[in-house]
Each structure stands twice: as structure tokens, then as C-alpha cells.
Amino acid sequence: MAGKKVIGVLALQGAFREHQAAIERCGATAKKVRTREDIQKADALIIPGGESTTMGRLLESYDLGHTIVERSRAGMPIFGTCAGMIVMAREIPGYQQYSLGIMDISVRRNAFGRQLDSFEAELDIRNISDRVKGVFIRAPFIDRIWGETEVLCEYMGKTVMARENNLLTVSFHPELTEDLTIHRYFLSMI
Amino acid sequence: MEEKGSFVVKDGLAQMLKGGVIMDVTTPEQAKIAEEAGACAVMALERVPADIRAMGGVARMADPTIILKIMDAVSIPVMAKCRIGHFVEARILESLGIDFIDESEVLTPADEKYHVNKHDFKVPFVCGARNLGEALRRIGEGAAMVRTKGEPGTGNVVEAVRHMRQIMDEMRWLKGLPKEELMTAAKDLQAPYELVLNVAARGCLPVVNFSAGGIATPADAALMMQLGADGNFVGSGIFKSGDPMARARAIVAATTYFDDPKVLAEVSRDLGEPMYGIDIKTLAPEEKMQDRGW
């Protein structure tokens with residue numbers, strides 16, 4: 001369990017405050033991270049929703065990407081939501097954009113459509129809960145997995161949650177609901 | 001089971017824009033520059049506010065062809081403006097599949113009394129406000145996001161600062177009031193009582209609040225973030241400047257690292273000419289866009 005560990009929330013752009021609040025509601029400690037030093041000090045990292053191209057540009061400009069990749073290889077637990085999923089992916093078909101490329105997944109951007117197709121739905125997550133509310137905002141989904149990645153949840157036949165050892169990712173936004181199931185699951189990985 | 005167009009998903013997109021910069025663009029090429037520079041969304045327009053101001057006449061919703069071309073050019077959310085109260089322009093924008101509608105004082109109002117009933121739409125709306133009462137009236141009508149009005153197209157941040165401080169001051173004031181005074185506060189603010197209760201209890205707006213109207217430099221963007229903005233709209237400030245790409249990147253970085261003067265100093269260097277600004281005092285009352293809407 002998380003104990004006294006510090007969960008870093010990448011605070012470059014997007015819904016980072018909501019993740020921080022969710023982690024604190026779980027009784028753990030969360031801290032916004034914006035620099036290499038911040039990332040070095042964190043015991044785990046959440047990459048929030050937002051715009052993946054914006055985060056990618058800042059990760060690249062401020063040379064934060066290398067540090068996250070190194071920490072990830074050393075086993076730091078990382079949890080990405082929505083844009084965070086795209087930033088973690090090894091492949092983003094059709095787009096030339098910066099990503100960390102740490103997780104063996106291929107992610108399709110805006111895969112459920114534009115904002116008018118954004119939706120809420122109830123999800124059944126393998127061995128975790130059969131009733132989690134998922135808020136999907138211009139959401140991506142996982143097209144293909146390989147290596148040690150396993151699928152944890154599908155919606156309408158599309159993979160919307162997966163785990164690869166220390167890496168966890170979801171297409172939706174648990175930080176926008178009151179339900180702490182997914183954050184608690186991430187904390188159990190630490 | 002699956003629900004689309006709910007307030008949760010409208011608010012959800014606004015939440016994802018936080019900490020970012022939404023840039024006005026008039027061509028697909030500009031939209032690509034904005035995306036490449038790190039904009040979290042773009043506003044598709046026929047003319048930026050500085051040009052609308054210069055041209056005069058009636059400013060209306062952009063030609064759908066321009067909007068669709070911009071939607072095709074980028075992967076980030078695309079917003080567009082409709083005139084205040086012009087619910088038909090709003091329906092047209094919604095049918096194009098736009099991601100967000102700005103019911104904006106930058107365009108000439110179509111209705112001097114009523115704004116659009118935004119609850120009726122599946123697409124989220126953002127509206128301008130100069131004070132808390134105005135922000136809460138727009139939220140009461142269904143806006144999923146608000147922004148300061150500032151004074152668009154001037155490159156002068158003073159009005160955005162005034163409006164942001166006003167909203168923040170009024171929220172601090174509400175938070176300190178005893179319950180029996182809140183109904184009178186609602187009457188004075190001309191705001192819905194339920195929303196006044198919500199702000200008094202939480203001390204912040206129930207939706208995302210950006211700054212807009214005069215932001216022209218990285219320092220302006222960081223100033224607005226320090227005053228409590230959740231993010232920045234930059235209209236004429238980028239594509240009316242000497243080097244749009246460099247300035248756009250710098251404003252994106254300044255919005256993220258708003259409290260780090262070293263980063264701000266670094267990104268403020270060698271940006272070329274900023275847009276030419278206007279002193280608000282030289283504007284005649286009828287030239288002020290912020291007084292449009294109520």
C-alpha cells in the first residue's frame with residue numbers, strides 16, 4: 001500500500017487538481033510535479049487527462065520525458081488517464097507526436113469521436129468491480145496490445161483499461177467522479 | 001445506459017482544457033501552428049478581434065467552410081463563436097460537430113435582452129463575464145465554462161485583470177457571509193440563489209474559469225494564472241504579433257510555469273514585436289465589446 005509515499009501528479013496541463021484530490025480522498029499523499037527534480041522525488045506518477053499534444057510539447061521542451069522513462073524502467077508505478085494513455089503509448093497510428101513510448105499498447109486518438117460523442121457509461125472491470133462509472137471525453141481506446149500488457153476492461157468491444165506490470169492506463173476519467181475504485185487500485189500497485 | 005451531452009461530459013471537456021491556452025485562428029495553417037506550439041484548443045474565426053474592431057460593421061458567426069477546414073486540420077478541440085442570443089447560429093455550429101461554442105461579445109449581439117438557453121444543447125458553451133453575477137447568470141443558462149471578457153482585440157490586459165479580480169473578490173466576500181445574508185446577496189448580484197449557495201459553500205465557481213480579452217505576452221498569461229484563472233484564451237495576441245510560433249510556444253509555457261520567474265524570463269526573450277496595443281481610455285463607450293450582454 002501507498003503508506004507515506006508521495007504520488008506525483010504531472011501538472012503540465014489538464015485535470016491534475018482532480019487527481020490530486022482523489023488521491024487525497026483515498027488517504028494518500030499527492031503532489032503536483034512540473035520539473036525533473038519533482039519527478040525524481042515522487043514514488044509514483046499520474047499522467048492526467050488534458051491534451052496529449054500540449055503535454056507532449058512541454059515534456060519535450062523541458063526534458064522531463066527522459067526522467068519519466070528512466071523511472072518507469074526502474075519500476076515506478078505510472079497511471080495515465082485519457083491523454084495520459086496516449087502519452088504512455090508506444091504507438092499512436094496516424095499521428096506524428098511526442099510520446100514517452102513506455103507501454104506496449106497502440107492507442108487510437110479521439111477514437112470514440114469528437115465532443116458530441118463524449119459519454120458516460122457503466123463499466124465492468126476484470127477482478128476489480130463490475131460497476132464503475134466511466135466518463136469518456138473525446139476519448140482514445142487501445143487498438144492493440146502486446147508483450148506483458150493485459151486488458152482489464154472493454155467497452156463496446158474496445159479496450160479502455162490495461163495494465164503492464166507497473167503501468168496502468170484508462171481511456172476514461174475516474175478523477176471526475178466520486179468513485180475511488182480505480183485510484184485505490186493504482187495505490188495497491190505501489 | 002450510455003449518456004451523451006450530459007452536463008458531466010460538457011464540464012468534463014472544460015476540465016481537460018485547464019492549464020492550457022486556447023488560441024484564435026483564421027486558417028488551417030494557423031490552426032496547425034497553434035497545435036504544434038501546444039495549444040489545448042483553437043477558436044475558429046473569420047477574423048481575430050483586432051481586425052473585427054478595425055473593420056467595424058456587424059460581426060457574425062464564421063463561414064462553416066472555414067470552421068470545417070480548421071476542424072479537419074487539427075486533432076485538438078475546435079471552438080467557434082456565435083452571437084449573443086443567436087441560438088440559430090449555435091444550432092448550426094452544433095450540427096457541424098464543433099467541440100465548444102463561445103457565445104461571444106466579440107461578435108455583434110443578436111439579442112440585447114436574452115442569451116442562448118444553453119441547457120438545450122448537447123455541445124458545451126463558454127461565455128464571458130465581468131463579475132460574479134454575470135458568471136452565475138451564464139452558468140444558470142447552462143454554460144459549462146466561463147471566461148473574463150477583458151477588452152478583446154486591444155492587446156491590453158488591464159480589463160481582464162479587472163474582471164478576474166472582481167470575480168475572485170466577490171467569491172471571497174460570499175464565502176464569508178452568514179447564511180441568512182445569501183438571499184440578499186443573490187438579489188444584489190442578480191444571480192440564481194442555488195448557485196450563490198454553491199459558491200458560498202465551496203469558495204469557487206462551479207465551472208472552469210479562463211481569462212480572455214487582452215492577453216498578449218507570456219507575462220500577461222502568467223499574471224492571469226496567478227490571479228486565479230484556470231487557463232488562457234489568446235485572441236489577436238498571437239497571430240497579430242511578429243513571430244506567432246515563438247510567441248504561441250512561450251505563452252503555453254508561461255501558462256504552465258506561471259509561478260516560476262526563471263522560466264518566464266527565459267520564454268519572454270527574443271519573441272519579436274508583440275501586437276500593437278490600445279489604451280482602453282481612448283475607446284469610445286460604443287467601441288467597448290465588454291458591455292455587450294448583461
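Readers should treat all values here as calculations from the given coordinates under stated rules, not as data from a laboratory. Everything numeric here is computed off the predicted structure, so don't read it as measured data. Backbone-built Cβ (ideal geometry, glycine too); neighbour counts: all protein chains shown.
Values computed for the structure shown
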| read-out | value |
| --- | --- |
| Relative contact order for region A:60-154, counting Cα pairs under 8 Å that sit 6 or more residues apart, in percent | 24 percent |
| Table column - 3J(HN,Hα) (Hz), region A:92-106, Karplus curve with 6.51, -1.76, 1.60, x for Gly and Pro | 10, x, x, 10, 9, 9, 5, 9, 6, x, 9, 10, 7, 9, 10 |
| GNM top mover of B:149, B:262, B:240 - chain B, alpha-carbon springs below 10 Å | B:262 |
| Separation in nanometres of the label points that stand 7 Å from Cα toward Cβ, at residue B:32 and residue A:178 | 4.8 nm |
| Cubic angstrom per residue, convex hull over Cα atoms of region A:25-142 | 128 Å³ |
| Where labels lie 7 Å past Cα in the beta-carbon direction, separation of residue B:194 and residue A:66 in nm | 5.4 nm |
| Alpha carbon convex hull of the protein assembly as shown, volume per residue in cubic angstrom | 142 Å³ |
| Distance between region B:13-68 and region A:37-53 - C-alpha centres, whole angstrom | 29 Å |
| For region A:6-188, size of Cβ-based charge dipole, Lys and Arg +1, Asp and Glu -1, in debye | 300 debye |
| For residue B:211, residues with placed amide H under 5 Å, excluding near neighbours | B:148, B:230, B:231, B:232, B:233 |
| Relative contact order of chain A, defined on C-alpha pairs under 8 angstrom at six or more residues apart (%) | 20 percent |
| Using a Förster distance of 22 Å, the FRET efficiency for residue B:183-residue B:291 (Cβ separation, nearest 0.05) | 0.20 |
| Distance-filtered residues of region B:89-103 - backbone nitrogen under 16 Å, label point 7 angstrom along residue B:68 Cα→Cβ | B:92-99 |
| Neighbourhood net charge (13 Å Cβ-Cβ; Lys/Arg +1, Asp/Glu -1) for residue A:48 | +1 |
| Nonlocal amide H pairs with residue A:30, under 5 Å, H built at 1.01 Å | A:7 |
| Candidates B:141, B:105, B:35: whichever shows maximal mean-square fluctuation once chain B is modelled as a Gaussian network with Cα springs under 10 Å | B:141 |
| Amide proton proximity set for residue A:134, modelled H, under 5 Å, gap of 5+ | A:121, A:122, A:123 |
| Listed residues B:209, B:131, B:232, most fluctuating in chain B (Gaussian network, C-alpha, under 10 Å) | B:131 |
| Per-residue ³J(HN,Hα) for region A:128-145, Karplus 6.51 cos²θ - 1.76 cosθ + 1.60, θ = phi - 60°, Hz, x for Gly and Pro | 10, 6, 9, 9, 10, 7, x, 9, 10, 10, 6, 7, x, 9, 8, 7, 7, 10 |
| Modelled label reach - residue B:51, point 7 Å along Cα→Cβ, region B:264-294 residues with backbone N closer than 17 Å | B:275-276 |
| Karplus 3J(HN,Hα) series, Hz, for region A:150-157 with 6.51 cos²θ - 1.76 cosθ + 1.60 (x for Gly, Pro) | 10, 7, 9, 7, 10, 10, 6, x |
| Inter-label distance, nm, simple model (7 Å from Cα along the C-beta direction), residue B:279/residue B:245 | 3.7 nm |
| Pairwise FRET efficiency - residue A:128 versus residue B:169, Cβ, R0 = 45 Å, nearest 0.05 | 0.50 |
| Cβ charges +1 (Lys, Arg) and -1 (Asp, Glu), total dipole of region B:182-294, debye | 120 debye |
| Residue-count net charge about residue A:111 - beta-carbon cut-off 12 Å; Lys, Arg +1, Asp, Glu -1 | +3 |
